[in-house]
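Below is one structure, written out as structure tokens; the observations come after it.
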Amino acid sequence: MTVAIVTGAARGIGHATVEKLAKDGWDVVAVDLCADDPHVGYPLATRAELFALADAWPNVRGVIADVRDADALTGAVHVALDEFGRIDAAIAAAAIIAGGQPLWETEDKDWDALFDIGVRGVANLARAVIPAMLTSEEPRHGRFVALASAAGHRGLWRLAAYNAAKHAVVGLVRGLATDLRGTGITAVAVSPGSTDTPMLAASADLYGLEGIGEFAQHQLIDRILHPAEIAEVIAFLCSPSASSITGTVVHTDGGFTA
């Protein structure tokens, strides 16, 4: 039996990851805020989306929790332990987009939201889940995967704060992997390119684009990625076959950063 916790699970890449893991036989605790945020300029996932996902899979449990709330994530860890008895992988997929202005015009509310959700949320998940993973008998095979972005490797116009947040995720994962040395638990960042999610649609709105299709020109594959493609990579990184991959970034960006 293998057990995972996934944040940002109600939509986008998080949702696709829950479905992929559940299909592969994992037990999954799917975590999402399930509420709009006054500091985020577009609608976030809903309770209905999260619990429709949980209802579709008997091996998935939906938990409403804010990744900015360390105690709430500890509660999600307890759900996993109480329901399934262990935790083998944690996937930090919760994130938002904000910006559309030069850095010197970026408001504190945007900066704070990007870092509180997209960076502190990753750290909060690690701090909640790693101690539980360390209770597993040796040899351990734990996995921690955090969603970064192509924006963590290349500057994007009028998204400097988002760039900074995603660079921070990469740095966090490298440091976490170093702290995990010798434990049998790995830590990896996944950096997708432009992927067909509500967050990409919000990015198109920030730029005043007619749709997400205009982002395809930045990728060597000349198309927008699908969330399921990213989920396949995440699932591989959670598998025993990925035991040698830690402290690094896996680019699933369709050639965005080539």
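Would you calculate the separation in nanometres between label points at Ala216 and Ser244, each defined as 7 Å from the Cα along the Cα-to-beta-carbon direction?
3.6 nm
Could you name the lysines whose alpha carbon sits less than 26 Å from that of Lys109, not counting residues in the same chain fewer than 8 places away?
Hits, sequence-local ones excluded: Lys166.
Please get the size of the charge dipole for the chain, origin at its Cα centre, with Cβ charges of +1 on Lys and Arg and -1 on Asp and Glu, quoted in debye to the nearest 20.
Details: 18 positive and 31 negative charges, 143 e Å.
The calculated dipole for the chain is roughly 680 debye.
Which loop-located chymotrypsin sites (Phe, Trp or Tyr not before Pro) does the range 103-179 contain, where loop means any DSSP state but H, G, I, E or B and the Cβ has at most 16 other Cβ atoms within 10 Å? It would help to have the intermediate numbers written out before the result.
On the way: sites: Trp104, Trp111, Phe115, Phe144, Trp157, Tyr162; in loops: Trp157.
Within the range 103-179, the qualifying chymotrypsin sites (Phe, Trp or Tyr not before Pro) (loop, at most 16 other Cβ atoms within 10 Å) are Trp157.
Can you give me the relative contact order of the chain as a percent, contacts being Cα pairs under 8 Å and 6 or more apart?
On the way: 553 pairs, mean separation 50.3, N = 258.
Normalised by residue count, the contact order of the chain is 19 percent.
Near the amide H of Ala146, under 5 Å away, which other amide H atoms are found, from residues 5 or more places off or on another chain, if H is placed in the peptide plane?
When sequence neighbours closer than 5 places are left aside, the close amide H contacts are Ala92, Val188, Ala189, Val190.
Would you calculate a helix-derived [θ] at 222 nm for the chain, using -39,500 (n - 2.57) for each DSSP H run of n ≥ 4 and dividing by the full residue count, to the nearest 500?
Roughly -12500 deg cm²/dmol at 222 nm, from the helical runs in the chain.
Looking at the range 23-120, which GluC sites (Glu not before Pro) are DSSP coil and have at most 14 other C-beta atoms within 10 Å of their C-beta?
Values: sites: Glu49, Glu83, Glu105, Glu107; in loops: Glu107.
Passing both the DSSP loop test and the Cβ count: Glu107.
Every read-out reported here was derived from the displayed coordinates using simple, explicitly stated rules and does not represent laboratory data. Predicted, not measured: the structure shown is a model, and the values here were computed from it. Don't worry about glycine lacking a Cβ; one is built from the backbone with ideal geometry, like all the others, and counts go over all protein chains shown.
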